[in-house]
1. Among Gly60, Gly51, Gly132, which is the only one that is assigned to a helix (DSSP H, G or I) and either at pLDDT below 95 or out of contact with any helix residue (DSSP H, G or I) (no Cβ under 6 Å at 6 or more places or on another chain) (or both)?
2. May I ask you to list the residues in the range 65-93 that are assigned to a loop (DSSP other than H, G, I, E, B), surrounded by 17 or more Cβ atoms within 10 Å (Cβ to Cβ) and either without any contact (Cβ under 8 Å) to a residue 12 or more places away in the chain or of a type in the set (S, T, N, Q) (or both)?
3. Conditions: (1) within 15 Å of ligand 1 (Cβ to nearest atom); (2) free of Cβ contacts under 8 Å to residues at least 24 places away in the same chain; (3) within 24 Å of Ile40 (Cα to Cα). Val192 meets all but one. Number of the miss?
4. In the range 28-64, what residues are touching a residue at least 60 places away in the same chain (Cβ under 8 Å) and more than 15 Å from ligand 2 (Cβ to nearest atom)?
5. With the structure loaded, tell me whether Leu99 is over 17 Å from the mean Cα position of the chain (by Cα) and part of a strand (DSSP E or B) or whether it fails that test.
6. Would you check if Ala106 is closer than 30 Å to Ala204 by Cα, of a type in the set (A, V, I, L, M) and touching a helix residue (DSSP H, G or I) at 6+ places or on another chain (Cβ under 9 Å)?
7. Here are the criteria: (1) among the small types (Gly, Ala, Ser); (2) within 16 Å of ligand 2 (Cβ to nearest atom); (3) touching a residue at least 40 places away in the same chain (Cβ under 8 Å). Tell me which single one Ala129 does not satisfy.
8. From the list Asp134, Asp150, which residue is free of Cβ contacts under 8 Å to residues at least 24 places away in the same chain, acidic (Asp, Glu) and within 16 Å of ligand 2 (Cβ to nearest atom)?
Amino acid sequence: MPLFDITRYAQAAESIIDAGRFLYGRGWSPATSSNYSARIDAGHIAITVSGRHKGELGAGDVMVVDLSGQAVQSQCRSSAETRLHTVLYELFPDVGAVLHTHSVNATVLSRILPPQQSLQLQGYELQKAFPGHDTHEDTLVVPVFDNTQDIPQLAEQTKQWFRDHPDQPGYLIRGHGLYTWGRTMADCLRHVEAFEFLFECELATMRLRP
Ligand SMILES: CSC[C@@H](O)[C@@H](O)C(=O)COP(=O)(O)O
Ligand SMILES: [Zn+2]
């Protein structure tokens, strides 16, 4: 009896490979950075193997882990940031995909925000790209967590914050990048694209202000 459905694994892996080609092509996942995952079932996800080039992913670059981060039927090492993915699947049963990217804009913006200050996005029509955000008058809050190599500790911090703020769709890690998620990979890719547009607008606005 296999531990997970092989057809669902193949679909998840294909969505991750396609996402990598798109995100690398946009310049949002340079130099083996980033990691991606997609849900297979309630207890398993497909996730990128650590250190792989995200623009050239193939079937051997995606593996299965359970929600404790344990590899299932693979000798490979999953993403160093696997726990940042699994906490989101644990917290939100309807999440089907998680994407982590390293764009220039996410990195720069996260570095210039004062310590302890979240990014507050308000007045943009494109905020409506996120579920539950139905008007530009809403405030989209993007917390910025300090970067660390202690992933279990960061995972716990993110889990606590999003348990209290389940309607917010993503976060930044300072000097590092973006995490966002969605019900499907298509939703999740839309969220990355919307965040990138909003980050670009924020930086352009800052450049125009004296
Ligand atoms: C190439 S440095 C980026 C890594 O340190 C990390 O932040 C990252 O996004 C990719 O790590 P990975 O272990 O390949 O999933
Ligand atoms: Zn990273």
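The values are calculated or read from the model by the stated rules, or taken from the named source; none is laboratory data. These numbers come from a predicted model, not from an experiment. Cβ coordinates were reconstructed from backbone atoms using ideal geometry, including for glycine residues, and neighbour counts include every protein chain displayed.
1. Gly60
2. Selection gives Ser79 alone.
3. (2)
4. Ala38, Val64 - these are the residues of the range 28-64 that are touching a residue at least 60 places away in the same chain (Cβ under 8 Å) and more than 15 Å from ligand 2 (Cβ to nearest atom).
5. Here the answer is no, as Leu99 does not meet what is asked.
6. When the stated conditions are applied, Ala106 passes them.
7. Condition (2) is where Ala129 drops out.
8. Result: Asp150 is the single residue among Asp134, Asp150 that is free of Cβ contacts under 8 Å to residues at least 24 places away in the same chain, acidic (Asp, Glu) and within 16 Å of ligand 2 (Cβ to nearest atom).
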